[in-house]
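See structure below.
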Amino acid sequence: VQLVESGGGLVQPGGSLRLSCAATGNIFSVKAMSWYRQAPGKQREFVATVTRDGSTDYATSVLGRFTISKEPANNGMYLQMNSLKHENTDVYSCKSESIWTADDDTWGQGTQVTVSS
């Protein structure tokens with residue numbers, strides 16, 4: 001599975017962005033897709049996930065502000081981010097989780113989100 005993210009950019013505090021992750025390849029092997037964030041020199045952190053059947057889960061810090069959903073048009077998913085804060089600034093990457101093993105999981109290249117006035 002190959003993943004391509006889009007939709008990052010610069011936004012003011014309180015603003016919104018929508019990140020998209022398009023998937024190609026053997027999409028039938030995907031059991032879930034997730035968003036992670038990573039700051040320079042820090043470990044990657046979980047943001048949100050959506051399973052094949054549409055179930056979702058979120059990091060506590062984004063509950064009520066972010067929404068993850070499948071995007072059938074591109075076999076992928078999107079992350080709607082509202083009420084953005086300075087601390088949401090990071091590189092956001094999507095991950096495809098395989099039905100097989102963790103070694104079969106794949107990552108996108110990442111997209112920068114900057115929240116600044």
* To do: Pull out the extension gain between Ala73 and Ser116, defined as 0.36 nm times the separation in residues minus the alpha carbon to alpha carbon distance; nm, one decimal.
  => 12.4 nm
* To do: Using the heavy atoms of the protein chains and a 1.4 angstrom probe, tell me the accessible area per residue for the chain in square angstrom.
  => 53 Å²
* Name the residues whose placed amide hydrogens come within less than 5 Å of the amide hydrogen of Gly76, ignoring near sequence neighbours (fewer than 5 apart) on the same chain. => Ala23, Glu71
* Asked: What list of ³J(HN,Hα) couplings, whole Hz, do you get for the stretch 106-117 from phi and the Karplus terms 6.51, -1.76, 1.60, once you set θ to phi - 60° and write x for glycine and proline?
  -> 10, 10, x, 7, x, 9, 7, 10, 10, 10, 7, 8
* Asked: Any idea which of Thr67, Trp35, Val115 is furthest toward the positive side of the dipole for the stretch 19-117, if Lys and Arg beta-carbons carry +1 and Asp and Glu beta-carbons -1?
  -> Val115
* Among all lysine pairs in the chain that are eight or more places apart or on different chains, how many have alpha carbons less than 21 angstrom apart? -> 5
* To do: Please work out the Cα center distance from the stretch 84-117 to the stretch 1-52, rounded to the nearest Å.
  => 4 Å
* To do: Compute the signed sum of charges (Lys and Arg +1, Asp and Glu -1) over the other residues within less than 15 Å, Cβ to Cβ, of Asn74.
  => 0
* Return an integer: the convex hull volume of the alpha-carbon atoms of the stretch 1-65, in Å³ per residue. => 121 Å³
* Express as a percent, rounded to the nearest 5, the fraction of DSSP beta bridges in the chain (both residues included) that run antiparallel. => 95 percent
* Could you tell me the convex hull volume per residue, in Å³, taken over the Cα atoms of the chain? => 96 Å³
* Structure fact -> About its Cα centre, the chain carries a charge dipole, from +1 on Lys and Arg Cβ atoms and -1 on Asp and Glu Cβ atoms, whose size in debye to the nearest 20 is 280 debye
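The values are calculated or read from the model by the stated rules, or taken from the named source; none is laboratory data. Bear in mind that the values here come from a model prediction, so they are computed numbers and not experimental data. Every residue, glycine as well, gets a Cβ built from its backbone with ideal geometry; the counts of neighbours run over all protein chains shown. Heads up: the accessible areas ignore ligands, DNA and RNA and are worked out on the full protein's heavy atoms, side chains in. Shrake-Rupley method; radii C 1.70, N 1.55, O 1.52, S 1.80 Å.
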